[in-house]
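The values are calculated or read from the model by the stated rules, or taken from the named source; none is laboratory data. Keep in mind it's a predicted model, so treat the numbers as computed, not measured. Quick reminder, even Gly has a Cβ in these numbers, built from the backbone with ideal geometry, and neighbours come from all protein chains shown. Just so you know, the surface numbers come from the protein's heavy atoms only, side chains and all, with ligands and any DNA or RNA stripped out. Shrake-Rupley method; radii C 1.70, N 1.55, O 1.52, S 1.80 Å.
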Amino acid sequence: SLLVKYEECIHPYDWDVGVHGIIIKFGGSGGGRERRSYSATYLPEVAYEQRWSQHEAVVSLVRKAGYRGVISDELISSIECTRYQSSKHRVSYPEYVAEKQSGGGGTDPSMLGDVNVAMITAAAYDDAMRQRGSALRQCVNL
């Protein structure tokens, strides 16, 4: 998965379930531990797979961040929210080898299309596995 298209949300519900992942940041309003800063994220598929509404996902993220105080409308309205999307691609090991043999894998990923980025990521995975002494040569699932 490649996380792409980061955008600041206008409010904590300025995102679409099944399309966007979100990062929330907020400061607690209570005394003691609740006054610290909190943050948490869910990938785009989480709220969809859990069948959560936006509100349920945001409340769950507040708890995931470690906040144990009262989740009020005031707290939710104070949340800074960033949305993003996920781009998933698969490349088989033979496809990766063909790309590597054709000279692929040495280009700046930000300048390429999604499939080439996936192949470069596969190359990084393969290099890491080789360095660990692994003989793993199965499909690379990105």
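A simple spin-label model places the labels of residue 64 and residue 102 3.7 nm from each other, with each point 7 Å out along Cα-to-Cβ. The slack between residue 45 and residue 92, meaning 0.36 nm per residue of separation minus the straight C-alpha distance, is 14.6 nm. Other residues within the sphere of radius under 13 Å centred on the Cβ of residue 54, judged by their own Cβ, net out at -1 (K and R +1, D and E -1). Could you report the accessible area of residue 16 in Å², rounded to 10, computed with a 1.4 Å probe on the protein chains as they sit in the structure? Approximately 90 Å² of residue 16 is accessible to the 1.4 Å probe. Here the gap between residue 72 and residue 13, fully extended at 0.36 nm per residue and compared with their Cα-Cα distance, gives a gain of 19.8 nm.
Viscosity 1.567 mPa s, temperature 4 °C: Stokes-Einstein D of region 7-101 from its Kirkwood Cα radius, in µm² per second?
On the way: Rh = 14.7 Å.
Here the translational diffusion coefficient equals 88 µm²/s.
Candidate cross-link partners of residue 88 among the lysines, defined by an alpha-carbon separation under 18 Å and a same-chain spacing of 8 or more, comprise 5.
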